[in-house]
Amino acid sequence: MSANTVTRPDESGSSAKFFIGAIALIFVIGVAAIAVLASGRSTNAAESGIPIEDGVEQVASVTVDGTPLAALAQGGADPAIGEIAPTLTGTSFDGETITIAPDGRPKVVMFLAHWCPHCQREVPRVLDLIEEGQQPDSIDIYGVSTAVDQGRGNFPANRWLAREGWSLPIMRDSAANDALLAYGAGGFPYVVYLDGDNRVIGRSAGELSPEQIVANWEELAAGGGAS
């Protein structure tokens, strides 16, 4: 089974490879379909039937400012490369405002589903790499808890992330998965790499190895600064 690759434009306008591998592609396609189907849910937690756990709402409203990105293609060139990702404004599980917007710093935006076994493996992998000092100082990493489903395993998402020791900014997606859909709704874990202007440098869907994660971070740090 071949690895997925997404591309980014070089200075001449042609495409250069942005190294990303993905595994379990059949699973990726399946969860992408689930994410799209989930888009019809209400953004109100009570109406959607998603309970409050430990006094914490698992979903919350998200404001999307800008044009949504095209869906991540399963093969070939990524149509979102070079496009400006919309600004997302939402809240953390603590109710603090989180904004993913052009601020001059490259960003890694990780969309995570609590029930996804690949996400469950990749979250501690990312945290270990950060603890080892592998995250470049020039990039920021955001998480988005999305595709919440109380009927699936490892619920609720806030407990899962707390157990893993997640201390990075984490935004709650809406019950309608507004943030995920605005960024192209790939399979999980779904990661969008943005430069300092919120321009898409690359996207990946599926579990990555530590080496691939670090390579992507370094690539983003090398070329993902604000224009």
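The values are calculated or read from the model by the stated rules, or taken from the named source; none is laboratory data. Worth saying up front: this structure is predicted, and the values here are computed from it rather than measured. Note: ideal-geometry Cβ built from the backbone for every residue, glycine included; neighbour counts use all protein chains shown.
Can you tell me which of (1) farther than 22 Å from ASP103 by Cβ; (2) in contact (Cβ under 8 Å) with a residue 12 or more places away in the chain is the one GLU211 doesn't meet?
(2)
Mind telling me which of the residues THR87, THR99, THR67 ends up being touching a Pro at 6+ places or on another chain (Cβ under 9 Å) and without any contact (Cβ under 8 Å) to a residue 24 or more places away in the chain?
Step by step, each of THR87, THR99, THR67 is checked, and only THR67 is touching a Pro at 6+ places or on another chain (Cβ under 9 Å) and without any contact (Cβ under 8 Å) to a residue 24 or more places away in the chain.
So for the stretch 147-168 (the condition being at pLDDT 95 or above, part of a strand (DSSP E or B) and of a type outside the set (D, E, K, R)), does at least one residue qualify?
No, every residue in the stretch 147-168 fails to be at pLDDT 95 or above, part of a strand (DSSP E or B) and of a type outside the set (D, E, K, R).
Identify, by number, the condition in (1) in a loop (DSSP other than H, G, I, E, B); (2) over 23 Å from ALA71 (Cβ atoms); (3) modelled with pLDDT of 95 or more; (4) of a type in the set (Gly, Ala, Ser) that ALA226 doesn't meet.
Result: ALA226 passes all but (3).
Given the options GLY153, GLY196, name the one that is surrounded by fewer than 23 Cβ atoms within 10 Å (Cβ to Cβ) and in contact with a Lys or Arg (Cβ under 6 Å, 6 or more places away or on another chain).
GLY196
Among (1) within 17 Å of PRO117 (Cβ to Cβ); (2) touching a helix residue (DSSP H, G or I) at 6+ places or on another chain (Cβ under 8 Å), which single condition is PHE155 missing?
That leaves (2) as the condition not met.
To keep it simple, each residue is scored yes or no on (1) farther than 17 Å from VAL64 by Cβ; (2) of a type in the set (A, V, I, L, M, F, W, C); (3) out of contact with any Leu (no Cβ under 7 Å at 6 or more places or on another chain).
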site: ASN154; (1), (2), (3): yes, no, yes
site: GLU164; (1), (2), (3): yes, no, no
site: ALA175; (1), (2), (3): no, yes, yes
site: LEU181; (1), (2), (3): no, yes, yes
site: VAL192; (1), (2), (3): no, yes, yes
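For (1) surrounded by fewer than 21 Cβ atoms within 10 Å (Cβ to Cβ); (2) within 14 Å of the chain's Cα centre (by Cα); (3) of a type in the set (A, V, I, L, M); (4) at pLDDT 95 or above, each residue gets a yes or a no:
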site: THR91; (1), (2), (3), (4): yes, no, no, yes
site: GLU96; (1), (2), (3), (4): yes, no, no, yes
site: ASP103; (1), (2), (3), (4): yes, no, no, yes
site: PHE111; (1), (2), (3), (4): no, yes, no, yes
site: SER138; (1), (2), (3), (4): yes, no, no, yes
site: ILE141; (1), (2), (3), (4): yes, yes, yes, yes
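Within the stretch 143-201, take every residue that is basic (Lys, Arg) and out of contact with any Pro (no Cβ under 9 Å at 6 or more places or on another chain) and give me the one that is farthest from GLY55 (Cα to Cα).
By that ranking, first place goes to ARG152.
Go through the stretch 180-214 residue by residue and tally those that are assigned to a helix (DSSP H, G or I) and under 20 Å from GLU122 (Cα atoms).
Number satisfying all stated conditions: 6.
Taking the residues in the stretch 40-79 that are modelled with pLDDT under 95 and among the hydroxyl-bearing types (Ser, Thr, Tyr) as candidates, determine which candidate is surrounded by the fewest Cβ atoms within 10 Å (Cβ to Cβ).
Filtering the stretch 40-79 for residues that are modelled with pLDDT under 95 and among the hydroxyl-bearing types (Ser, Thr, Tyr), the one surrounded by the fewest Cβ atoms within 10 Å (Cβ to Cβ) comes out as SER42.
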